[in-house]
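Input: a single structure, listed below in structure tokens.
The values are calculated or read from the model by the stated rules, or taken from the named source; none is laboratory data. Only a predicted model underlies this, so the values are computations on that prediction, with no experimental measurement involved. Cβ sites come from the backbone with ideal geometry, for glycine too, and all protein chains shown count toward neighbours. Calculation scope for accessible area: heavy atoms of the full protein, side chains included, ligands and nucleic acids excluded. Shrake-Rupley method; radii C 1.70, N 1.55, O 1.52, S 1.80 Å.
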Amino acid sequence: MSRSSEDPILLCCLLWAHEGQADALHAYEDRVLQLIEEHGGEVVQRALADTAGQPDEVQRFRFSGQTALDAYLNDDRRTSLAPERDAAVARTELFPVRF
């Protein structure tokens, strides 16, 4: 089954902080996640880890389509925070899911 560029997109994001930077990661995410709704998206779930060795944060998103996702990813307010993100976030895994 082929997927249209405007089919809904469901994503899971796993985030790991640099050593000692979990609070900074969460603060960064607090800022950028506020932008998602403006771009036709929704934060379905956000969970913070309570044990070491796991992702520090797990998020699930829904976007109305690729155009909405691209608009969020390219939002100047989000991209201007790249230095803050780079200082806090060691690793990110983003992948499509079904839910």
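Assorted remarks:
- Residue 50 accessible area, assembled protein chains, probe 1.4 Å, Å²: 140
- You can think of it this way: the chain between residue 82 and residue 27 has 18.5 nm of extra reach, that is 0.36 nm per residue less the Cα-Cα gap.
- Surface/4 estimate of mean projected area, convex hull on alpha-carbon atoms of the chain, nm²: 6.5
- Residue 89 - accessible surface, heavy atoms, 1.4 Å probe, Å² rounded to 10: 10
- Its Kirkwood hydrodynamic radius, worked out from the mean inverse distance over all distinct Cα pairs, puts the stretch 56-99 at 12.3 Å.
- Across the chain, the mean sequence separation of Cα contacts (distance under 8 Å, 6 or more residues apart), normalised by length, yields a relative contact order of 46 percent.
- Alpha-carbon centroids, the stretch 7-22 and the stretch 68-92: separation in whole Å: 11
- Charge tally for residue 44 (other residues, Cβ to Cβ under 15 Å; Lys, Arg +1; Asp, Glu -1): 0.
- The stretch 1-59: trypsin sites (Lys or Arg not before Pro) in DSSP coil with no more than 14 other Cβ atoms inside 10 Å: 3
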